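Here the structure comes first, spelled out in structure tokens, and everything after it is commentary.
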Amino acid sequence: MEENIRPPLAVRARPWLIALPALLVLIGILYPFLTAIYYSLTAYAFNRPGSVDTFVGLRNYTRMFTHEDFLYSTYITFAYALLSTGIQLSIGLIVAMLLNRDSRLAKIFTPTLIFPMMIAPVIGTLIWKMMMQPSVGILNPMLNAVGLPSLQWAAVPETALFSVVLVDVWMFTPFAALILLAGLRSFPSAPFEAARVDGASFWFTFRNLTLPMLTPFIIIVVVFRLMDSLKMFDIIFAMTEGGPGNTLMTYQLTAYRTGIQFQRLAQGLPYAILLYIIIYITSMYLIKAWGRAQRRAAGY
Amino acid sequence: MQSKVTSNRLAAILSDGFLALYFIFALFPILWMLLVSLKSGEQLFTTQFIFTPTLENYQAILFGDPRAAAGVVARQEFPKYFMNSLIVSSGAVIVSLLVGVPAAYALARYKFKGKEDLAFTFLSFRFAPELVVIIPLSVIYRQLGLYDTYWGIIWVYQLVTLPLLIWVLRSYFEDISPDIEQAAMIDGYPWWRIFWLILLPLVRPGLAAAALLAFVFAWNNFIFPLVLGGSNVQTVTVSALGYISSAQAFFNRMAAASVLASIPQIILALSIQRYLIRGLSFGAVKG
């Protein structure tokens, strides 16, 4: 009836007015983002205050891309993220399916599932570091008890990545399991009963019913875990600060070491900005895929 | 028939076996932290599971170490770190609630240009590598006098708490039928009274759960207070590193501090279990 009449300005502006406090915070957060981009184009080092005015164009970026450690840093960033996300997703899926049964053990354990994830990542890592420690640790005695040799865990390059991924898997598999369990519980029972009546095998039901319907939930897990592990700082820092040597120097750790510890802000920032671009594009893509998967799953 | 029953039985046993194995892996480190926190200095190196428990570590971190030798840091500052964590985490949640609840409502109820972009921008802060903002903030904070202050940390914690609150609350507001508001509007209530008297009570359980979860994430944060805070605002997460990076490693003290620093979150997690999944997934999974 009055669709052609534009509502008065006061009404149109209302959502913006309601959101105004949040928008102010938003500006306060965006400002350092923009400053970060500006700094990355200068020669800024904290111990040379005047250097903030020296504009160097993209030199910090070309320096990063041509740095001898850049390829390795890229490799370790992605290796850490893909390994932890992949393992969490697999174990999380198995645990979710096992918890989604009528079992007394499942009922007892479900409330404790979240515990490792609620402890601060730094503190959780320190506990593991303590367990891996050669004199007071418990993991090596346990390995020895079943006839396996002691490991040097994060202290040597060979097992350092394994050690931090282990902690990440311990901490965040509950996230994958909880989200996937919520997915499994949201399924209608009719198609599964029909499959059972028809005598479909476990694998057939899993591949043709469970997995397609679970896809939106799997994507949610991947969005959160992949993005978080690409920028993981706490676990790696608490375990080895990026060492031994440069074994665990991911983009985040390199940005920290260069920008904060060595105070060369302008040289550290490109690593963080590059990581942000990678994360932004990947998460946009995954969130779109999530929308598609949701519509497709709803079609069943 | 007989063999089918046995194979089902076998599957159930194997399933429970794997589940038990997973939960040993998940819960053992927590149990071990508790055990170590109850060990004296010598027992730390000579015993594993069987020992005489002692509370001296808790005593030492809470009230100071009476036997601390000269030159050894007597770390009794734990209550101060705990208070710091409490102040910055609750401060961050309160600020996020004040600005986030109205924003979540606007994003859920109104159609306006750029709405999805705005919502996604808030979300993208959750995924941004912290160092993008920390590096410039380490300069800006020193210029503004915010370095090593509660307000400085509360401000930067908005990156942690605000996206979570806005997205989770938005999903709760969207669940409420607009008919309720329409009916109240016809009765002549202004929109802000409808919001305050009708909508807010409806989302209150979700609101409380989201706020508690935001509190946990703020409490657990490490990198922001590590770089942007000094000794004034040192939180439990930053101080935990101090126990074992000093010349002598105090594993048992660190374990005691870890237990005390983890108890609040475990209790909170148990109390908001029903709302946990929606909170953890930012409203994407209704749980």
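The values are calculated or read from the model by the stated rules, or taken from the named source; none is laboratory data. Remember, it's a predicted structure, so these values are computed and weren't measured experimentally. A quick note on method: Cβ atoms are made from the backbone with ideal geometry, for glycine too, and the neighbour counts reach across all protein chains shown.
Could you tell me whether the range A:241-253 includes any residue that is closer than 19 Å to A:Ala176 by Cα, of a type in the set (Phe, Trp, Tyr), within 8 Å of another protein chain (Cβ to nearest Cβ) and in a helix (DSSP H, G or I)?
Going residue by residue through the range A:241-253, those that are closer than 19 Å to A:Ala176 by Cα are none.
No, there is no match, as no residue in the range A:241-253 is closer than 19 Å to A:Ala176 by Cα, of a type in the set (Phe, Trp, Tyr), within 8 Å of another protein chain (Cβ to nearest Cβ) and in a helix (DSSP H, G or I).
With respect to B:Ile24, is the statement that it is among the hydrophobic types (A, V, I, L, M, F, W, C), exposed (fewer than 12 other Cβ atoms within 10 Å of the Cβ), more than 30 Å from B:Ala257 (Cα to Cα) and not assigned by TED's automatic domain parsing to the domain that holds B:Ala249 true?
no
Name the residue that is surrounded by the most Cβ atoms within 10 Å (Cβ to Cβ), counting only residues in the range B:175-204 that are under 36 Å from the mean Cα position of the chain (by Cα) and of a type in the set (Phe, Trp, Tyr).
To start, the set of residues in the range B:175-204 that are under 36 Å from the mean Cα position of the chain (by Cα) comprises B:175-181, B:191-204.
Narrowing further to those that are of a type in the set (Phe, Trp, Tyr): B:191-192, B:195-196.
Numbers: B:Trp191: 16, B:Trp192: 10, B:Phe195: 19, B:Trp196: 12.
Out of the qualifying residues, it is B:Phe195.
Tell me which helices (runs of 4 or more DSSP H) are completely within the range A:48-165 and hold 1 or more residues being of a type outside the set (Lys, Arg) and under 30 Å from B:Ala12 (Cα atoms), or say none if there are none.
On the way: elements: A:59-66, A:70-99, A:104-109, A:115-118, A:121-132, A:139-145.
Of the helices (runs of 4 or more DSSP H) lying wholly inside the range A:48-165, those with at least 1 residues that are of a type outside the set (Lys, Arg) and under 30 Å from B:Ala12 (Cα atoms) span A:70-99, A:104-109, A:115-118, A:139-145.
Among helices (runs of 4 or more DSSP H) lying entirely in the range B:210-287, which contain 2 or more residues that are under 18 Å from B:Ile30 (Cα atoms) and without any contact (Cβ under 8 Å) to a residue 24 or more places away in the chain?
Details: elements: B:223-228, B:236-245, B:251-271, B:273-280.
Hits in the range B:210-287: B:236-245, B:251-271.
Determine if the range B:267-284 includes at least one residue that is hydroxyl-bearing (Ser, Thr, Tyr), more than 8 Å from chain A (Cβ to nearest Cβ) and over 17 Å from the mean Cα position of the chain (by Cα).
So far as the range B:267-284 goes, no, none of its residues is hydroxyl-bearing (Ser, Thr, Tyr), more than 8 Å from chain A (Cβ to nearest Cβ) and over 17 Å from the mean Cα position of the chain (by Cα).
Within the range B:86-121, which residues are within 10 Å of another protein chain (Cβ to nearest Cβ), under 21 Å from the mean Cα position of the chain (by Cα) and buried (at least 18 other Cβ atoms within 10 Å of the Cβ)?
Hits for the range B:86-121 are B:Val95, B:Ser96, B:Val99, B:Gly100, B:Val101, B:Ala104.
Quick test for you: out of A:Ser73, A:Ser135, A:Ser103, A:Ser90, pick the one residue that is under 20 Å from the mean Cα position of the chain (by Cα) and free of Cβ contacts under 8 Å to residues at least 12 places away in the same chain. Reasoning before the result, please.
Working: A:Ser73 fails: free of Cβ contacts under 8 Å to residues at least 12 places away in the same chain; A:Ser135 fails: under 20 Å from the mean Cα position of the chain (by Cα); A:Ser103 fails: under 20 Å from the mean Cα position of the chain (by Cα).
Among A:Ser73, A:Ser135, A:Ser103, A:Ser90, only A:Ser90 is under 20 Å from the mean Cα position of the chain (by Cα) and free of Cβ contacts under 8 Å to residues at least 12 places away in the same chain.
Among the residues of the range A:2-22, is any at pLDDT 90 or above, in a loop (DSSP other than H, G, I, E, B) and farther than 30 Å from B:Ile154 by Cβ? Let's see the steps before the verdict.
First, the residues of the range A:2-22 that are at pLDDT 90 or above: none.
The answer is no, given that none of the residues of the range A:2-22 is at pLDDT 90 or above, in a loop (DSSP other than H, G, I, E, B) and farther than 30 Å from B:Ile154 by Cβ.
Would you be able to tell me the number of residues in the range A:256-281 that are within 20 Å of the chain's Cα centre (by Cα), at the interface with chain B (Cβ under 9 Å from one of its Cβ atoms) and free of Cβ contacts under 8 Å to residues at least 60 places away in the same chain?
Number satisfying all stated conditions: 4.
Is it the case that some residue within the range B:132-139 is more than 7 Å from chain A (Cβ to nearest Cβ) and surrounded by 24 or more Cβ atoms within 10 Å (Cβ to Cβ)?
Within the range B:132-139 (the criterion being more than 7 Å from chain A (Cβ to nearest Cβ) and surrounded by 24 or more Cβ atoms within 10 Å (Cβ to Cβ)), the answer is yes, since at least one residue qualifies.
Name the one entry in A:Ile138, A:Ile114 that is over 22 Å from B:Val238 (Cβ atoms) and either crowded, with 21+ Cβ neighbours inside 10 Å or touching a His at 6+ places or on another chain (Cβ under 6 Å) (or both).
Details: A:Ile138 fails: either crowded, with 21+ Cβ neighbours inside 10 Å or touching a His at 6+ places or on another chain (Cβ under 6 Å) (or both).
Just a single option satisfies the conditions, and that option is A:Ile114.
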